[in-house]
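Some notes on the structure that comes next.
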């Protein structure tokens, strides 16, 4: 498989899609809700996903597509080559701020991530990786992640999870927040993953994400030696929603053991 060729086309399409999104800033968006009042989708989310699907089907008709807005294939396996697409990750930020959102594309072969592309449209920052060939930001190679301890780390974590909720015992996370150097929340999983990759934050935790939120960033983080699992320390299967926990190796192990208490009886 010529991954360099696929990567080249994917980068071209991502940049073209980003330009379409920037041009939309002057227009009035059509905004709809999905599962709840805060789960938003715009006409641009739909338009950009359809743009990618048309490009992929035209160039690689044998490839399959999983897209957030439902225009791709109905998948019950990751056999073959699958593109996992989030046309605008961070739609709420896109609507309210016109920044802090990204295009996210992960390309997988038989369940293994081969290419990851996360494009911060507003800042024109393209994070990209091909499996086994390093990870880059706008063509400049990123260094392998250094290990850190909780007390010297910035943790990306939504404040919702430190309040009482039905997904995790918030009492586990309060000491983590207290002991960390600081916490941040950006409202976009794709960017929070690549912020771990660049060391802008040291770990990122979320209780419920979809495969297209994670797929691209996971390739990039793992290419730099980071660890990407769910909160139980297990690998994702990318066919269902799951929690997410990513960090550099030492920090990942420390948080799993000392705060999430995974592996303890």
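The values are calculated or read from the model by the stated rules, or taken from the named source; none is laboratory data. Note that this is a predicted model, so its numbers are computed, not measured. Note that we place each Cβ from the backbone using ideal geometry, even for glycine, and neighbour counts take in every protein chain shown.
One residue stands out among those in region 65-81 that are free of Cβ contacts under 8 Å to residues at least 40 places away in the same chain and touching a helix residue (DSSP H, G or I) at 6+ places or on another chain (Cβ under 9 Å): the one that is nearest to residue 105 (Cα to Cα), which is 65.
Against the criterion of being closer than 15 Å to residue 17 by Cα and part of a strand (DSSP E or B), residue 86 qualifies.
Applying the condition of being surrounded by fewer than 12 Cβ atoms within 10 Å (Cβ to Cβ) and modelled with pLDDT of 85 or more to region 1-18 and asking which residue is nearest to residue 48 (Cα to Cα) yields 12. Filtering region 89-111 to residues that are without any contact (Cβ under 8 Å) to a residue 12 or more places away in the chain and either in a helix (DSSP H, G or I) or closer than 17 Å to residue 63 by Cβ (or both) leaves only 96. Summed over region 160-209, the residues that are surrounded by 14 or more Cβ atoms within 10 Å (Cβ to Cβ) and part of a loop (DSSP other than H, G, I, E, B) give a count of 10.
Set side by side, the residues 115, 155, 130 differ, and just one is closer than 22 Å to residue 222 by Cβ and assigned by TED's automatic domain parsing to the domain that holds residue 207, which is 155.
Applying the condition of being at pLDDT 95 or above and in contact with a helix residue (DSSP H, G or I) (Cβ under 8 Å, 6 or more places away or on another chain) to region 144-166 and asking which residue is nearest to residue 133 (Cα to Cα) yields 145.
If the condition is being crowded, with 17+ Cβ neighbours inside 10 Å and assigned to a loop (DSSP other than H, G, I, E, B), then region 218-261 contributes 224, 226, 230, 231, 236, 238, 248, 259, 260.
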